[in-house]
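A.B. asks: Take a look at this one; I'll ask things after.
Quick note: the coordinates plus some simple rules give every number you see, no bench work behind them. Just so it is clear, the structure is predicted and the values come from calculations on it, not from any experiment. Neighbour counts are summed over all protein chains in view; Cβ atoms, including those assigned to glycine, are modelled from backbone coordinates with ideal geometry.
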Amino acid sequence: MSTTQEHPVSPHKQGQANLQLENPPVVETSVGFHFAKLEGWHLLRQGLLWGKFRPEYPELEILPMIVQAATPQTFQFDMNSPVMRTGFTDKSRTQLVQIQDGLLLHNWRKTNESPQYKRYDAIRSRLRSDWATFRAYLHEESLKDPVVLRCEMSYFNHLVRNEDWKDFADLSDTFTVWKGLPESSSYGTAQVAAFNVMHQLDSGTVNVIAQPGIRPSDGKEVIQFSLTSSVKPKSSDDEELFRCLDECHENARRAFFDFTTDKARNRWREIR
Amino acid sequence: MSATILVNPSTIDQARWSQLVPFSPVDSASWVPSLLWRLRSLEASGRNIPGVGDLTIATATADRVRRLLTIIPPHLVPEPTLAPFSGGGIALILNIGDRELTLTAYPDHNDFVFMTTNENDEVVDEGILAADQTERLSDVITALLTPQAR
């Protein structure tokens with residue numbers, strides 16, 4: 001059993017209601033910072049950095065490179081200085097630090113062996129430690145402090161067919177923004193349905209996506225409901241970065257509340 | 001040396017950049033949603049076809065077929081055929097030209113049977129694979145996609 005208990009930090013249009021979910025649908029969370037490319041960074045330094053993380057994260061995963069190319073639609077790939085994304089993972093393989101020139105993220109992911117959800121406070125604390133390790137290493141190597149461009153938090157939720165929904169006509173039971181068409185309409189039954197909403201806030205963005213797919217681990221049909229919130233910090237001081245991260249968390253938490261129905265949240269409150 | 005790479009914005013899924021938990025979206029090929037819909041129909045009401053038998057498949061059997069779909073490169077193969085048979089089993093049939101790969105899932109079995117035939121309907125590969133033998137299955141699919149030397 002896992003519990004999510006999160007309190008809003010500011011008044012919300014639906015009141016001061018708490019999110020207390022005994023069975024949250026979350027399967028992964030990611031928090032961290034995107035920063036400007038570091039002068040003097042290269043793969044060998046990234047490899048040596050693992051030595052600093054290794055006592056806590058002894059396993060290594062090589063991950064596909066993240067391409068920051070939304071705007072503009074091209075990016076430069078320097079073949080003399082290849083970029084690699086690495087994941088330093090703890091023994092349980094649930095906690096992981098993702099590092100690439102330009103980003104540091106901490107992920108928690110659910111596994112069969114370790115299914116208990118880790119709350120934001122716990123993941124934030126891990127990120128603070130990871131970030132301190134990273135910055136200490138930069139100082140040791142006489143490299144400049146990173147200039148953080150945005151703070152980011154993502155939740156990835158899996159809504160499983162036959163548990164959370166039966167067919168796409170049921171989505172209005174889960175999502176406040178989904179109405180669909182009555183089955184009696186000339187369109188018949190929906191084969192598939194998805195939505196992707198980006199909100200521009202005063203300080204950043206929230207991207208909410210419902211995307212149907214298959215979970216390779218068990219072949220279950222799921223709707224992946226992801227919420228990504230990013231905020232641009234005013235400086236790269238730790239205090240400002242973690243304040244912005246808290247804002248990302250609050251924005252994502254609100255979006256979860258606003259995009260899901262009472263009925264769905266009541267279902268996730270039940271002890272299974 | 002550097003290269004400028006053009007990125008098609010429609011292929012960018014920014015929200016999933018940081019994701020590590022595997023997920024296979026249904027929009028990977030146009031035929032995937034309709035195939036999944038047919039699987040759901042067979043789970044829900046595949047029964048009682050006169051003269052044929054009960055063609056309902058159990059959810060666990062359908063799950064095994066869906067796992068297969070996450071291994072098959074959907075953009076490289078045409079829409080497979082679903083062939084349920086009496087007793088709760090189902091075959092997924094892929095055709096590339098005159099070559100054919102049949103993957104059969106049986107109820108209450110965690111593995112599946114595969115058979116590849118060539119242009120002359122000769123069996124070129126067959127066997128039983130566990131659901132987690134993804135590398136071996138990938139090899140079987142790659143062999144199907146690779147034209148044979150004459």
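A.B. asks: With +1 on the Cβ of every Lys and Arg and -1 on the Cβ of every Asp and Glu, and nothing else charged, how large is the dipole of the stretch B:99-142 about its Cα centre, in debye rounded to the nearest 20?
C.D. replies: Magnitude of the dipole: close to 100 debye.
A.B. asks: Still on this model: Between A:Ser114 and A:Glu61, what's the calculated FRET efficiency when r is the beta-carbon distance and R0 is 22 Å? Round to 0.05.
C.D. replies: Step by step, r from the Cβ atoms, then E = 0.85.
A.B. asks: Grab the beta carbon distance between B:Ala44 and B:Val123, set R0 = 41 Å, and tell me the FRET efficiency rounded to 0.05. Each step should come with its number before you reach the end.
C.D. replies: Numbers: r = 34 Å, r/R0 = 0.83.
In this case the efficiency is close to 0.75.
A.B. asks: Now, a different point. What net charge is computed for the residues neighbouring A:Met84, neighbours being all others with C-beta under 12 Å from the C-beta of A:Met84, Lys and Arg scored +1, Asp and Glu -1? List each step's numbers first, then the result.
C.D. replies: Numbers: positive: A:Arg45, A:Arg85; negative: A:Glu61, A:Asp101.
Result for the neighbourhood of A:Met84: 0.
A.B. asks: Output the DSSP H helices from chain A with an along-axis C-alpha extent of no less than 15 Å and a mean Kyte-Doolittle hydropathy no less than -1.0.
C.D. replies: Within chain A the helices that satisfy the rule are A:43-53, A:120-140, A:238-259.
A.B. asks: Just how large is the dipole of the protein assembly as shown about the Cα centre, in debye to the nearest 20, putting +1 at every Lys and Arg Cβ and -1 at every Asp and Glu Cβ? Show your work: numbers first, answer last.
C.D. replies: On the way: 43 positive and 54 negative charges, 194 e Å.
The dipole of the protein assembly as shown has a size of about 940 debye.
A.B. asks: Now for a separate question. For each cysteine in chain A, check whether another cysteine's C-beta sits under 4.7 Å from its C-beta; list those where none does.
C.D. replies: Lacking a cysteine Cβ partner under 4.7 Å: A:Cys248.
A.B. asks: If I stretch the segment between B:Ala83 and B:His109 completely, what's the gain in nm (0.36 nm per residue apart, minus their alpha carbon distance), one decimal?
C.D. replies: Working: separation 26, 0.36 × 26 = 9.36 nm, distance 1.74 nm.
Working it through step by step, the gained length comes to 7.6 nm.
A.B. asks: Same structure, new question: Which of A:Arg45, A:Arg254, A:Arg119 moves the most in a Gaussian network model of chain A with Cα springs under 10 Å?
C.D. replies: A:Arg45
A.B. asks: Here's another thing I want to ask about it. Obtain the nm distance between the two label points defined at A:Gln46 and A:Ser236 by a simple spin-label model: each point lies 7 Å from its Cα along the Cα-to-C-beta direction.
C.D. replies: 1.8
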